[in-house]
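Colleague: Quick one: structure below, then a few questions.
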């Protein structure tokens, strides 16, 4: 399985119609969809497909033809994503109609090729399941944990500074969790507590 870390774009033209493809991480999908609707009010359609994991680590898939003939746009985009095992990502395609009808076969082909084009431009990375860890440190330990998370490339989701210390939320893979727990156990008597 593969995923992406940023937004990628591509443009395809077919019989005077323009197809603007956007590939994004799932965390950006809703905001990007809203932004595209605002930035492209004259677009005929904004077709999309997405693949992500639910809380049971099952792949959830969804797509929309957004007014194109049923099955001619969303499903071909979703099939391209399946083909490269792309997860935790969404793909949106903005279509500006050029006046020439493409027919159902033409629509299937051009939406699929638009999806392939934007994926070809993207830097795909192996997907790794991550989980969130919550812990608390006293203020004296903050520099050590800041140093550890930055040197180990651990994603810090949130820090809340309170009177008794700092509440942390980090995101780690199974290997990163194992290393983090080994590192942090040395500070349990000094003011570290896993929540």
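Here, each number is a calculation from the coordinates, and none is a lab measurement. Predicted model only: the values in this text are computed from it and were never measured. Cβ placement follows ideal geometry from the backbone for every residue including glycine, while neighbour counts extend to all protein chains displayed.
Colleague: Roughly how tilted is helix 103-121, in degrees to the nearest 10 and between 0 and 90, from the longest Cα axis of the chain?
Modeller: With rounding to tens, the tilt is 30 degrees.
Colleague: May I ask you to sort 193, 50 by Cβ crowding, counting other Cβ atoms within 10 Å and putting the fewest first?
Modeller: Numbers: 193 14, 50 25.
Fewest-to-most ranking of 193, 50: 193, 50.
Colleague: Now for a different question. If each residue's Cβ is checked for other Cβ atoms within 10 Å, how do 56, 8, 111, 139 rank with the fewest at the top? Please list the in-between numbers first.
Modeller: Values: 56 6, 8 19, 111 32, 139 13.
Ranked by crowding around the Cβ, least crowded first: 56, 139, 8, 111.
Colleague: For the range 1-97, what does the alpha-carbon gyration tensor say about shape, rounded, prolate or oblate, given a ≥ b ≥ c as the root eigenvalues, a/c under 1.5 as rounded, and a/b over b/c as prolate? Don't skip to the answer; put the middle values down first.
Modeller: Numbers: a/c = 1.85, a/b = 1.58, b/c = 1.17.
It is prolate, given that a/c is not under 1.5 and a/b is the larger ratio.
Colleague: Using Cα centres only, tell me the gap between the range 135-162 and the range 2-80 in whole Å.
Modeller: 36
Colleague: Let me ask something else about it. Report, in degrees rounded to the nearest 10, the 0 to 90 angle that the Cα long axis of helix 142-151 makes with the longest principal axis of the chain.
Modeller: Tilt relative to the chain: about 40 degrees.
Colleague: Hey, rough spin-label estimate for residue 173 and residue 7, points 7 angstrom out along Cα→Cβ, what's it come to in nanometres?
Modeller: 2.7
Colleague: May I ask for the Rg/Rh ratio of the range 131-194, computed from Cα atoms with Rh as the Kirkwood radius, given to two decimals? Intermediate values should be presented prior to the final figure.
Modeller: Values: Rg = 10.7 Å, Rh = 11.7 Å.
Reported Rg/Rh, Kirkwood definition of Rh: 0.92.
Colleague: Rounded, prolate or oblate: pick one for the range 93-166, where a ≥ b ≥ c are the square roots of the eigenvalues of its C-alpha gyration tensor, a/c under 1.5 means rounded, and failing that, prolate if a/b is larger than b/c, else oblate. Provide the component values of the computation, followed by the final result.
Modeller: On the way: a/c = 4.95, a/b = 3.43, b/c = 1.44.
Verdict is prolate for the range 93-166.
Colleague: For residue 113 and residue 40, compute 0.36 nm times the residue count separating them, minus their Cα-Cα distance, and round to one decimal in nm.
Modeller: On the way: separation 73, 0.36 × 73 = 26.28 nm, distance 2.11 nm.
Gain on extension, residue 113 to residue 40, equals 24.2 nm.
Colleague: If I build a Gaussian network model for the chain, linking alpha-carbon pairs within less than 10 angstrom, which residue out of 73, 114, 163 has the largest mean-square fluctuation?
Modeller: The residue with the greatest mean-square fluctuation here is 163.
Colleague: Bin width 10 Å, alpha-carbon pairs only: give the P(r) of the chain as whole percents, running from 0 to the bin holding the largest distance.
Modeller: 8, 30, 23, 17, 13, 7, 2, 0
Colleague: Compute the long axis of helix 26-39 from its Cα atoms, compare it with the longest principal axis of the Cα atoms of the chain, and write down the angle in degrees, 0 to 90, nearest 10.
Modeller: Its long axis makes an angle of about 40 degrees.
Colleague: A further question on this structure: Per the helix-only calculation at 222 nm, which mean residue ellipticity applies to the chain, given -39500 (n - 2.57) for every DSSP H run of n ≥ 4 and division by its residues, nearest 500 deg cm²/dmol?
Modeller: On the way: 5 runs with 64 residues, N = 195.
After summing the helix terms and dividing by the residues of the chain, the value is -10500 deg cm²/dmol.
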